[in-house]
Each structure stands twice: as structure tokens, then as C-alpha cells.
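Heads up: the structure comes next, in C-alpha cells.
The values are calculated or read from the model by the stated rules, or taken from the named source; none is laboratory data. The structure presented is a predicted model; accordingly, all values stated were derived computationally and were not measured. Heads up, the Cβs are rebuilt from the backbone with ideal geometry, glycines too, and the neighbour counts pull from every protein chain shown.
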Amino acid sequence: CHDMMGHIIEWYYNGIAGIIPEEPGFKKITICPYLPETIHEFNCSYTSVSGVIKVHVKEMEDSIILETEVPENVKSETNISNLS
């Protein structure tokens with residue numbers, strides 16, 4: 001069975017939410033979200049083999065709010081360079 005829309009889903013998790021696995025099994029991840037001009041808020045929840053990873057980004061009038069949730073057994077780094 002071929003997932004015709006799989007590339008769009010991957011783009012959302014990796015390209016927009018910025019959930020990037022750095023080690024097999026999502027034992028280590030980088031979160032580097034991207035907020036295009038046409039999107040002002042998004043919520044992403046990804047169920048990995050190591051647990052649920054959540055990213056929420058919201059553009060406010062003069063700031064951007066980033067909230068993340070990562071399972072305890074996962075090492076993570078957050079990169080905000082794409083949110084400026």
C-alpha cells in the first residue's frame with residue numbers, strides 16, 4: 001500500500017513542527033520549528049516509538065510563543081533560528 005500523501009505529513013512533522021530524529025528510535029531529537037508568514041499558530045503531536053512529542057507555536061503581536069513536550073526518556077535540543 002502506498003501512502004500518497006506521506007510526503008506532506010513528513011513535511012509537516014519535519015519542516016513545520018521541526019521534529020528531527022537525531023538517533024534511532026527518537027532517543028535524541030532536535031526541535032526546530034518553522035512558522036511561515038501565512039501561518040500564525042500551529043499544534044503538532046507526533047507519536048514516536050519513544051512516546052508523544054508535542055510542539056505548539058503561536059505568533060503574538062510582538063513575540064512568538066514556543067511550547068514543547070518531550071518524553072522523559074528522550075534527549076532534546078531546541079533551535080529557534082527559524083522563528084525570527
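Quick one: which residue in Glu67, Glu77 is loosely packed, with under 11 Cβ neighbours inside 10 Å, outside any loop (DSSP other than H, G, I, E, B) and modelled with pLDDT of 95 or more?
Glu67
Quick one: in segment 1-27, of everything that is modelled with pLDDT under 95 and in a loop (DSSP other than H, G, I, E, B), which residue is nearest to Glu69 (Cα to Cα)?
Met5
If Tyr34 passes every condition in (1) surrounded by 15 or more Cβ atoms within 10 Å (Cβ to Cβ); (2) touching a residue at least 40 places away in the same chain (Cβ under 8 Å); (3) over 16 Å from Ile9 (Cβ atoms) but one, which one does it miss?
Here Tyr34 clears every test but (3).
Within segment 37-64, take every residue that is hydroxyl-bearing (Ser, Thr, Tyr) and within 21 Å of Ser81 (Cβ to Cβ) and give me the one that is surrounded by the most Cβ atoms within 10 Å (Cβ to Cβ).
Taking the candidates together, the pick is Tyr46.
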